[in-house]
Every structure is written in C-alpha cells, then in structure tokens.
1. Determine which residues of region 83-114 fall in the zone a paramagnetic label at Glu38 would reach in this model, i.e. backbone nitrogen under 15 Å from the point 7 Å along Cα→Cβ.
2. Which translational diffusion coefficient, to the nearest whole µm²/s, is obtained for region 74-133 from the Stokes-Einstein equation, given a Kirkwood hydrodynamic radius over C-alpha pairs, 10 °C and 1.306 mPa s?
3. Let's see if you can work this out: charge +1 on each Lys and Arg Cβ, -1 on each Asp and Glu Cβ, no other charges. What is the dipole magnitude of region 50-203 about its Cα centre, in debye to the nearest 20?
4. Which pairs in the list Lys66/Lys104; Lys66/Lys194; Lys77/Lys99 are over 22 Å apart, alpha-carbon to alpha-carbon?
5. In Å², and per residue, what accessible area does region 80-157 have when probed at 1.4 Å with the other protein chains present?
Amino acid sequence: MQRVFIRGAMYRLWAILLVLFFISACANKATKPEIVIEKSVESTKPVLTKLHQSEYEKGLDLMKAKSYDQAHIIFTKLTTSYPNLAGAYVNLALIYNAKSDGNKAELTISKALEINPNNVDALIQMAVLSQKSGRFKDVERYLLTAEAIESSNQIVQYNLAVLYEIYLQQYDDAINHYENYLALTSNDDKETVKRWIQLLERK
C-alpha cells in the first residue's frame with residue numbers, strides 16, 4: 001500500500017510540474033494580439049462646407065491655445081451637423097482627457113471608433129486611455145491595429161517601442177519599433193533614441 005501511495009504521489013508531482021512548466025512557457029511566450037482591419041468599412045468621413053471646415057480649424061487652434069471650453073462648443077456643434085465626423089469625436093475626447101475626464105474621453109473615442117474602426121488617431125487615443133488604466137495588452141492591440149493601417153505613423157512606432165520596452169519587457173520588439181521611429185522622424189531626439197537602442201541591445 002505504501003508503494004502505491006508513493007507512486008501515486010510521484011505521478012501527481014509530475015503532473016503538477018508539467019502543468020507549472022506549461023503555464024511558465026505560456027507566460028514567457030510573447031503572443032501578439034489578433035489584429036482585425038475592417039476592410040469592408042467604407043470611408044464615412046463627410047464633406048464639410050467651407051464654413052464648417054473653417055470652424056473645425058478654429059476648434060483645433062483653440063485646443064492648441066488650451067481654450068478647451070470654447071473648442072468643446074465648436075466640436076459638439078459639428079457632431080450635431082455631421083454625426084459621422086469621427087475626427088470631431090477624437091478632438092472632443094482629447095478635450096475631455098485634457099480636463100482629466102477619462103470616462104467621457106473613453107466613451108467619446110469609442111464613438112469615433114464605432115463610426116470608423118480604422119481611424120488611426122482614435123486608435124492612438126484609445127491606446128493612451130488604456131495605458132492609463134493599466135490595460136497594456138489592449139494598448140498593444142490598438143497600436144498594432146493602427147500600425148497595420150498606417151505603418152509610417154511615427155507616433156504609433158514610438159508608442160509601440162515604449163510599450164514593449166517599459167511595460168511588456170519585450171526588448172527585441174522595442175528595438176524594432178525604435179528603429180522604425182528613427183527612420184521616420186525628423187525630431188531632434190534621434191541621438192537619445194539611438195542610446196536607448198544601445199542600452200536595450202545589452203539586455
């Protein structure tokens with residue numbers, strides 16, 4: 001009876017070890033999220049009148065000047081006139097974010113993505129909001145979707161690099177996206193980014 005018990009215990013131990021090994025292997029394997037591009041979605045961007053285009057640009061200028069309340073009025077009116085104007089919802093979300101209203105920002109960005117799931121600016125902003133909530137795999141999914149749509153977007157490349165370096169510790173991926181950023185950017189941070197790559201290559 002004792003031998004049977006010991007043998008049974010050994011089998012259970014091996015089973016536990018195999019399960020732990022499997023879990024560890026899954027944890028260490030950096031799986032990329034599935035990216036779905038809505039290719040069937042037609043462009044829903046409406047054509048603005050000259051007056052409304054002027055209002056849109058005025059709203060952007062007000063945002064740059066941090067006159068958020070006035071900009072909010074303009075973009076809200078534009079969404080009334082153009083319910084499918086995803087860009088107006090993106091700008092409203094940026095205003096809510098600047099005013100530290102994350103809930104409204106996320107709801108508004110969700111509306112923009114409902115109108116156009118391929119809106120790169122909306123995907124970037126949803127990634128930013130997800131990062132603030134610690135939802136890093138969602139961040140990865142949004143940014144990789146944006147990259148699949150517009151691989152030459154330097155903001156997407158930079159944010160993917162930071163995500164992989166700091167939050168997901170996937171250093172090879174971080175290096176790859178930092179190098180993509182360097183190939184695209186004309187900013188004066190190139191030497192700094194090159195030093196970051198050198199440090200990552202030593203890890």
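The values are calculated or read from the model by the stated rules, or taken from the named source; none is laboratory data. For clarity, every value in this text was computed on a predicted model and none was experimentally measured. Ideal geometry is used to build each Cβ from the backbone, glycine not excepted, and the neighbour counts take in all protein chains shown. Ligands, DNA and RNA are stripped out before the accessible areas are found, and what is left, the full protein with its side chains, is counted by its heavy atoms. Shrake-Rupley method; radii C 1.70, N 1.55, O 1.52, S 1.80 Å.
1. Counting backbone N atoms under 15 Å from the label point, the list is 83-90, 108-114.
2. Rounded, D is 143 µm²/s.
3. On the way: 17 positive and 20 negative charges, 80 e Å.
Dipole about the Cα centre, nearest 20: 380 debye.
4. Cα-Cα > 22 Å for Lys66/Lys194; rest within.
5. 43
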